[in-house]
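This report concerns only the one structure given below.
The values are calculated or read from the model by the stated rules, or taken from the named source; none is laboratory data. Worth saying up front: this structure is predicted, and the values here are computed from it rather than measured. Counting neighbours? That spans all protein chains shown, and the Cβs are built from the backbone with ideal geometry, glycine included.
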Amino acid sequence: MCWPMRLIIWFIIFLLYPLSSLAVSEFAVADSFRFEGRTVSNESPVPAVIINIYLDDKRIKQLLTSRQGTFVLYLRYNKEYTLELVKKGFFIEKVVIDTKVSDKLVKEGGIDIAIDNDIPVFEIYPEIKAETFDKPILYYVYNERNYYFEVDRRRSKPVSGLAGQIKGIKNRSANAEYKQALNLIKVNNLVEAYISLKKVLELSPSHAQAIARLKEVENQLKGTDSLDRAYENFIRKADELRKAGKNYQAQMLYKRAAMINSKDAYAASYVHRIDSLLSYQYSEERMSLTVCVPKAMLLSKAANSMKRLIITQSL
């Protein structure tokens, strides 16, 4: 990517980042209703997912999910919206929201709000077939009797097996990481062991052995400044890498710092900001938008992006 585009994208990220607690597609319009969703993986929220919204094969909106994976759409009745979900490290997938409702429901006031709509996203693993995502995987339709959106199983692909497969892959990865943590404990590298055990619990939150070992390592580190020094070192190096434009490497160090001190907002905020940047770049690269063009065109694209893309901060 050329430097002017990189600077413009960073400007978009930091200007719009603090605006709201939700990613919102637009304000309410006549004959529309509010659709609240969340992107998830194995029931855990997935933040910084780009959502490209299509109607009649034309992209009409783009937004980015919040740090809790939340987003809001205002949708018109009797339309079929296609949502393309894009995030680095995840399969690009499409889901369809069919807003067809009866005239009777519209006359009675329509849908006030549609809440609790979790949309699964799936990480890329070699064991998962990419062709699974060639067509929309889920179709959501409105159940007028029970007043909520549900998956139309006739048109949707069975994703429960896919989610179970990914969970199994993560559990195997967690066990491998746990063995690495034990080796670090043996050589008394407690800071790295602490981080490694945190990684295990990210992959498998109920890993009983990792939970127990983490408590032991925490007790051994009590009364020392080892974690504080490691945190400060990670932050310093991450800041240097970020300023040098090495965003991916910086994000890895911010993640390590956040594992050490999850209560400090600095590292976590940069993890999300860089995640947002990488997701945006990944989405636009696919559409051949991130190319070096004359300055006037760059500014025009930036202005359009600022109108189109809303990037948010959690409460």
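A few notes on this one:
- The set of residues from the range 53-63 being within 14 Å of the chain's Cα centre (by Cα) and at pLDDT 95 or above is empty.
- Test: residue in the range 25-45 that is touching a Ser or Thr at 6+ places or on another chain (Cβ under 6 Å) and modelled with pLDDT of 95 or more: yes
- For the range 253-265, filtering for residues that are closer than 22 Å to residue 190 by Cα and without any contact (Cβ under 8 Å) to a residue 12 or more places away in the chain leaves 2.
The rows are residues; the columns are (1) part of a helix (DSSP H, G or I); (2) surrounded by 19 or more Cβ atoms within 10 Å (Cβ to Cβ).
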{"residue": "196", "(1), (2)": "yes, yes"}
{"residue": "200", "(1), (2)": "yes, yes"}
{"residue": "215", "(1), (2)": "yes, no"}
{"residue": "231", "(1), (2)": "yes, yes"}
{"residue": "238", "(1), (2)": "yes, yes"}
{"residue": "245", "(1), (2)": "no, no"}
{"residue": "258", "(1), (2)": "yes, yes"}
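- Residue 128 of a type in the set (A, V, I, L, M, F, W, C), crowded, with 19+ Cβ neighbours inside 10 Å and either in contact with a Pro (Cβ under 7 Å, 6 or more places away or on another chain) or outside any helix (DSSP H, G or I) (or both): no
- Taken as a whole, the structure leaves residue 202 outside the set of residues that are within 30 Å of residue 37 (Cα to Cα) and assigned by TED's automatic domain parsing to the domain that holds residue 118.
- From the list 118, 112, the one residue that fits, being closer than 15 Å to residue 49 by Cα, of a type outside the set (A, V, I, L, M, F, W, C) and loosely packed, with under 13 Cβ neighbours inside 10 Å, is 118.
- Among the candidates 269, 314, 262, residue that is assigned to a loop (DSSP other than H, G, I, E, B), over 17 Å from residue 85 (Cα atoms) and at pLDDT 60 or above: 262
- In the range 220-229, of all residues being surrounded by 13 or more Cβ atoms within 10 Å (Cβ to Cβ) and not hydrophobic (A, V, I, L, M, F, W, C), the one that is nearest to residue 278 (Cα to Cα) corresponds to 226.
- Scan of the range 33-89 for residues that are without any contact (Cβ under 8 Å) to a residue 40 or more places away in the chain and of a type in the set (A, V, I, L, M), ordered by number: 51, 53, 55, 60, 83
- Test: residue in the range 150-163 that is within 23 Å of residue 73 (Cα to Cα) and part of a strand (DSSP E or B): yes
- For the range 109-125, the set of residues classified as of a type in the set (Val, Ile, Thr) and not in a strand (DSSP E or B) consists of 111, 121, 124, listed by residue number.
- Every residue from the range 203-213 that is part of a helix (DSSP H, G or I), under 26 Å from the mean Cα position of the chain (by Cα) and crowded, with 16+ Cβ neighbours inside 10 Å: 203, 210
- Looking across 213, 229, 236, 286, one residue alone is at pLDDT below 95 and among the charged types (D, E, K, R). It is 286.
- The listed residues are 215, 179, 170, and the only one of them that is in contact (Cβ under 8 Å) with a residue 40 or more places away in the chain, under 20 Å from residue 256 (Cα atoms) and not assigned by TED's automatic domain parsing to the domain that holds residue 233 turns out to be 170.
- From 96, 101, 106, 141, residue being surrounded by 12 or more Cβ atoms within 10 Å (Cβ to Cβ), on the phi < 0 side of the Ramachandran plot and either in a helix (DSSP H, G or I) or of a type in the set (S, T, N, Q) (or both): 106
- Selection from the range 106-131 of residues that are free of Cβ contacts under 8 Å to residues at least 12 places away in the same chain and closer than 30 Å to residue 172 by Cα: 126, 129, 131
- Contact map, the range 231-252: first residue within 22 Å of residue 199 (Cα to Cα) and free of Cβ contacts under 8 Å to residues at least 60 places away in the same chain, second residue among the polar types (S, T, N, Q) and outside any helix (DSSP H, G or I), Cβ cut-off under 8 Å, separation 6 or more or different chains; pairs are 231/261.
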